[in-house]
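For reference, the structure discussed in these notes is given below.
The values are calculated or read from the model by the stated rules, or taken from the named source; none is laboratory data. Everything numeric here is computed off the predicted structure, so don't read it as measured data. Note that each Cβ is placed from the backbone with ideal geometry, even for glycine, and that neighbours are counted across all protein chains shown. Just so you know, the surface numbers come from the protein's heavy atoms only, side chains and all, with ligands and any DNA or RNA stripped out. Shrake-Rupley method; radii C 1.70, N 1.55, O 1.52, S 1.80 Å.
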Amino acid sequence: MNYTEVHKKWQKYWNEHDTNKFDPKSKRPAYYHLDMFPYPSAANLHMGHYFHYAPSDTHARFMRMTGHNVFHPMGYDSFGLPSENHALKTNTHPGPNTTTNVERFTRQLNELGGMYDWNYSLTTSEPDYYKWTQWLFLQLHKHGLAYQKEAAVNWCSGCQTVLANEQSQDGKCERCNAEVVRMNKNQWFFRITDFADELLTDLDKIDWPAKTRAMQTNWIGKSDGARITFDGIDVFTTRIDTINSVTFLVLSPEHPFVDKLTTKEQSRAVAEYKKMAAKKSEIERMENHEKTGVFTGHYVTNPYNGDRVPLWVADYVIYGYGTGAVMGVPGYDERDREFAEKYNIQILENEFVPVAATIKKLGKSARTETTYRLRDWSIGRQRYWGSPIPIIYCDKCGVVPVPEHQLPVMLPHLDDFKPRGAPPLANDPNFVKTTCPICKIPAKRETETMDTFVCSSWYFLRYPTVGNDKIAFDKTTARQIDTYVGGAEHACGHLLQARFITKFLHKHGYINFNEPAKKLVHQGMILASDGQKMSKSKGNTIAPDNYVAEFGSDILRLYMLFGFNYTDGGPWSEGTLKTMPRFIERVIRAVEQINCEMETDPEVQHIRATTIAAVRTDMQDFSFNTAVARCMELLNAISAAKGKSRESIRDLILCLAPMIPHIAEELWDMAKLPRKTGESIFNMAFPTADPNHLERAMVEYVVQVNSKKRGTITVSKDATQKDVEAAAQKLLDGTTPKKTVYVPGRLINFIV
RNA sequence: GCGGAUAUGGCGGAAUUGGCAGACGCGCUAGACUUAGGAUCUAGUGAGCAAUCGUGGGGGUUCAAGUCCCUCUAUCCGCACCA
């Protein structure tokens, strides 16, 4: 078989006959199968893309063949830093780059054999998409969930810009190596914390991997405890039962009370300490665990026992968590002990006090409280390549949202989009200058753009409505994703944000469901043959391109399905890959040897039935490797039998179809199986197992004596326990068993 | 430190709900066909001469444990001064 010709032929055929077209009016049960969309990079699809998309497409095709109206769209997550940085590096522009990259990706995804209806595709950097991202921002703003506040950020002193955490390493900017400092900046946030509790509790209602749910649980970080007031300073603690052993109180350097201190000498020391702490980057604080602090000169009263305890400032207390103040219990808490030892603070042996009684005794100065580790989502970026934030600043009216009918706020073409501290859009007077929508006086546009993860937080809602310029999505066609496939690295980013946006939209009646995806699957990672991660710097990458050019994509797809557990991934094996054409050739040989129509061989009938049943469940469970193995078993059974029936070959081809879509179409014709004009095997039904052949006529039982195998017996499948016992007794040398364990259809165990 | 996972032949990996461990494939061994081929076909392939022993180590429950319980070890991933 000329694989590459076969691939071209059937891609053309599917194209000509609209095989991949989605019919929204179909009567079949709808099934939304979605892959996380790629960022269209300047390079070709890599092995990770292939391992993600090819097996996932197999699942989608299988669902289609089992009677579902599968909606399996594909799009591009094209805004964001990677595109922008690549353009900066190569002295090009992200706009035209995106266009060429999208074209190339689309071509390659078609070569891969993806069953995508491109009429439903979207590209997030196109105005017809980001118009609605801006609309989403306005809805959040309308409901008070998009807001501005002063907050600490990582600021690169060299590039004069805010950095994402991953861009600052060891307190240095990854690009210019300059120092990264913490500074306060007015920033846009989405109030994801409003949904903290729902995001946590609803994890139990979705079929997502345990690992992902655990990660989100940790990320949300719910703590039940109490808020206690020490002379007006609130602390949060989960261990109110240690309150009798408090020997000091600690404020984080950013705590407002720090600025209210009046004792002259002490406040100078405190101010200096605060300055020093502020300079330290977040990363430095996390990595350098040595605790530093300064005494404020103040004492506060323990509301439980009236003790006067010293008030300290220390940077091991995080302002953003709890109240930014903690009670120091060195007799119980290791960190407090370390701090107390360093600064010679009194350490009291801890004695626990009863929780309920303590809270009651404290009265007004204490109340139970729940706090979360989750923080609001910072979405403003001082960068060019993103969706402009649809906000106007008017001297008279203040912060004014852009009216919906004025959307999109177009991202202008800038030749110079280098980040220099101020957002690049601020350099474009034509963009900045506008009029206030309310009072019509001259006003200025917001020049920050949105985090690219805002684009991806809602894109799955857009697909069914692509092309509609009147609405973002429609309550009646917006669908919850049935199965969502993508990388585990998005567990606490994209996947949490998508859940947040879904919950927000549901709460306010925009959509009818409150979770984005019923079921989530993470593909594993393909490693180099030495078990290392593939990376350009190690020079151990393997590109799909050569294999696709040599064999077409089906062979590569089949190898990916067969050679790995999909959710685990594993090391590349050239040997196993090369084996795949051999399997196909064996199928072709069987096809060529067809010599009868109906299957009469009982063994083949049995294997055929069990194969179909097993492949059905395996495909549903993403257990592709065993599904392929089952097909191999069926082929082995067919090959071993004298008669090669068209009937059995037909079922084999249909079972294989989702795994080798192009080759299967060709095999279908080779086997001279019937096809209406323009029909595809993907319009046909997946075979069903014949219930009459799921069991063999004769069943083998293992006979055990004292749980050790003594032999096997073959009896009719209808044999009763008595029959089996009678047949098995022969292996017992006449002794009478004390006890008999009988497992129908499997074994009989005599205890003597 | 906290959380999640993983550990099975020479290799990738299978084992419904506790019921013949090693499916399927690679590799390997022998043979067949071949005027040498990394092709195809047939047979074999966990270890051991055997009885037996074997799913990271050690305990336990059970007629029966890769699977359930306890415990330890190693590796991977995520979070981490979260009060």
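Observations on the model:
- Of the criteria (1) near RNA strand B (Cβ under 8 Å from one of its atoms); (2) within 19 Å of A:Asp57 (Cα to Cα); (3) open to solvent by 40 Å² or more (accessible area, probe 1.4 Å), which one A:Val628 fails: (3)
- When each of A:Ile681, A:Ile713 is tested for being modelled with pLDDT of 90 or more and of a type in the set (A, V, I, L, M, F, W, C), the lone residue that passes is A:Ile681.
- When A:Thr4, A:Thr19 are checked against the criterion of being open to solvent by less than 30 Å² (accessible area, probe 1.4 Å), over 28 Å from A:Lys533 (Cβ atoms) and over 19 Å from the mean Cα position of the chain (by Cα), A:Thr19 stands alone in meeting it.
- Annotation: of all residues in the stretch A:438-491 being hydroxyl-bearing (Ser, Thr, Tyr) and open to solvent by 50 Å² or more (accessible area, probe 1.4 Å), the one that is nearest to A:Pro424 (Cα to Cα) is A:Thr477.
- Note on the stretch A:514-623: enclosed strands (runs of 3 or more DSSP E) holding 2 or more residues that are away from RNA strand B (no atom under 11 Å from the Cβ) and open to solvent by 20 Å² or more (accessible area, probe 1.4 Å) are A:517-521.
- Tally of residues being more than 31 Å from the chain's Cα centre (by Cα), surrounded by 13 or more Cβ atoms within 10 Å (Cβ to Cβ) and more than 17 Å from A:Ala146 (Cβ to Cβ) across the stretch A:383-405: 2
- Selection of the stretch A:315-333 for residues being more than 8 Å from RNA strand B (Cβ to nearest atom) and open to solvent by less than 30 Å² (accessible area, probe 1.4 Å) yields A:Gly328, A:Pro330, A:Gly331.
- For the stretch A:210-226, the condition of being in a loop (DSSP other than H, G, I, E, B) and over 34 Å from the mean Cα position of the chain (by Cα) holds for none of the residues.
- All of A:Arg696, A:Arg710 fail the test of being in contact with a helix residue (DSSP H, G or I) (Cβ under 8 Å, 6 or more places away or on another chain), open to solvent by 30 Å² or more (accessible area, probe 1.4 Å) and not in a loop (DSSP other than H, G, I, E, B), apart from A:Arg710.
- Residue within the stretch A:240-255 that is within 12 Å of RNA strand B (Cβ to nearest atom), within 27 Å of A:Glu369 (Cα to Cα), at pLDDT 90 or above and open to solvent by 60 Å² or more (accessible area, probe 1.4 Å) present: no
- Just so you know, in the stretch A:112-156 the residues that are in a helix (DSSP H, G or I) and either of a type in the set (Lys, Arg) or modelled with pLDDT under 95 (or both) include one that is nearest to A:Asn44 (Cα to Cα), and it is A:Lys131.
- The stretch A:27-43 residues that are over 20 Å from A:Thr452 (Cα atoms), paired with ones that are assigned to a loop (DSSP other than H, G, I, E, B) (beta carbon under 6 Å, 6 or more apart): A:Arg28/A:Gly67; A:Arg28/A:His68; A:Pro29/A:His68; A:Tyr31/A:His68; A:Tyr32/A:Arg479; A:His33/A:His72
- Hits in the stretch A:210-228 (condition: under 30 Å from A:Asn302 (Cβ atoms), near RNA strand B (Cβ under 10 Å from one of its atoms) and open to solvent by 10 Å² or more (accessible area, probe 1.4 Å)): A:Gly221, A:Lys222, A:Ser223, A:Asp224, A:Gly225
- Residues of the stretch A:335-352 classified as more than 8 Å from RNA strand B (Cβ to nearest atom) and open to solvent by 50 Å² or more (accessible area, probe 1.4 Å), total: 11
- Candidate set: the stretch A:191-209, residues that are outside any loop (DSSP other than H, G, I, E, B) and either among the β-branched types (Val, Ile, Thr) or touching a Cys at 6+ places or on another chain (Cβ under 6 Å) (or both); chosen: the one nearest to RNA strand B (Cβ to nearest atom): A:Thr193
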